[in-house]
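> Take a look at this one; I'll ask things after.
The values are calculated or read from the model by the stated rules, or taken from the named source; none is laboratory data. Since the model is a prediction, treat every value here as computed from it, not as a measurement. Reconstructed Cβ throughout: ideal geometry from the backbone, glycine too, with neighbour counts over all protein chains shown. Ligands, DNA and RNA are stripped out before the accessible areas are found, and what is left, the full protein with its side chains, is counted by its heavy atoms. Shrake-Rupley method; radii C 1.70, N 1.55, O 1.52, S 1.80 Å.
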Amino acid sequence: MRLSIECILEKDEISTSYNRKILSFFKKALEAYNKDIKKFFYDEPMEKEMTFSCYFFIEKIENNKIKLRENNFKIFITFNSIIDGIHFYNAFLEARANKIEFNIGDNNSFKIKNITKIKEKEINGTAGAFKLLSPLVIREKREGKKDWYHFLDEKGIEVLKNNLCYSLREKFSKDILESLEIIPLDVKNVIVNFYDIKFNATKGLIALKGNRELLDYFYKSGIGSRKSSGYGMLELMS
């Protein structure tokens, strides 16, 4: 399930570290809708099969601030589970009806203007080109050392595949996961800011080759680390 949420800001400037405020928005909307649903998603540790991205009308970025040409923006959110998507959709509808304001930092807030269901594209083959709507994060957990974040280079692809083989081992067979090919097409290395921590990530176009159901899973739930925090959202290119 895929949604587009159009939001109206009080002011036309936000922090570059906006992902955590969007997460707070999700939590607050779910809390107002159903406390048990909010607890299920965010009070217990679990791997969420969802991700999101934001689209801003950017005028300039300076001193960790994004100056906007317009005081509105869009949140695109995708879920592998239709049931999960319905809960969030209902929470957003209720928040809009009740005109709830959501804090986005720096004495700024926003309200929901519109919520639209987006028709999902079908993946019919075993290969596809995808645009990264939000940066791809590849986190390597190193025993006794700090986590390391990779760009999508040769080493990054190796780490990403290892991570996927581990995290999806109960959903897909070893053969399906190991045969996945991840190919950078037109990518750019970027530094992202999350909870005031900066780390490596990748934007641009990638190709995925492999099992059709696996590619569909990535399209609906995202790919890489920190997906539910707004990283690794994919758009299938026609």
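> As a quick test, which of the pairs Lys67/Lys117; Lys35/Lys155; Lys27/Lys117; Lys11/Lys146; Lys131/Lys171 have an alpha carbon distance above 32 angstrom in this structure?
Going by Cα-Cα distance, Lys35/Lys155; Lys11/Lys146 fall outside the 32 Å limit.
> Using a 7 Å offset from Cα along Cα-Cβ at Cys165, what residues in segment 31-54 end up with backbone N under 14 Å from the label point?
No residue passes the distance filter.
> Could you list, bin by bin from short to long, the percent of Cα-Cα pairs of segment 121-238 in 5 Å steps?
For segment 121-238, the pair-distance distribution reads 2, 12, 23, 26, 21, 11, 5, 1, 0.
> Follow-up question, since we're still on this one. Quick check: the angle from helix 19-33's long axis to the longest principal axis of the chain, C-alpha only, nearest 10 degrees?
Long axis of 19-33 versus the principal axis of the chain: about 70 degrees.
> Going Cα to Cα from Lys28, which lysines come in below 20 Å? Please leave out same-chain ones fewer than 8 positions away.
Lys38, Lys39, Lys48, Lys74, Lys99, Lys111, Lys113, Lys227
> From Cα coordinates alone, what are the radius of gyration and Dmax values for segment 1-52 in angstrom?
Just the Cα atoms of segment 1-52 yield Rg and Dmax of 12.8, 35 Å.
> Which trypsin sites (Lys or Arg not before Pro) in segment 44-113 pass both tests, a DSSP loop state and at most 10 other beta-carbon atoms within 10 Å?
Passing both the DSSP loop test and the Cβ count: Lys99.
> Kindly sort Asp147, Asp216 by accessible area of their heavy atoms, largest first, with the probe set to 1.4 Å.
Accessible-area ranking of Asp147, Asp216, largest first: Asp147, Asp216.
> Now for a different question. Using just the alpha carbons, could you tell me how many Å³ per residue the convex hull of segment 1-142 encloses?
Here the figure is 153 Å³ per residue.
> Another question, if that's okay. Once the Cβ-Cβ distance between Glu94 and Glu10 is put in as r, and R0 is 30 Å, what FRET efficiency do you end up with, to the nearest 0.05?
0.90
> Moving on to the next point. Which whole number of Å³ per residue matches the convex hull of the alpha-carbon atoms in the chain?
Dividing the Cα hull volume of the chain by its residues yields 135 Å³.
> Regarding segment 58-191, what are the three Cα extents along the principal axes, ordered largest first, in Å?
The principal-axis extents, from largest down, are 49, 39, 33 Å.
> Continuing with this model, one more query. Please compute the contact order of the chain in relative form: average sequence separation of alpha-carbon pairs under 8 Å and at least six residues apart, divided by the residue count, as a percent.
28
> Kindly express, to the nearest 10 degrees and within the range 0 to 90, the angle between helix 82-97's C-alpha long axis and the longest C-alpha principal axis of the chain.
20
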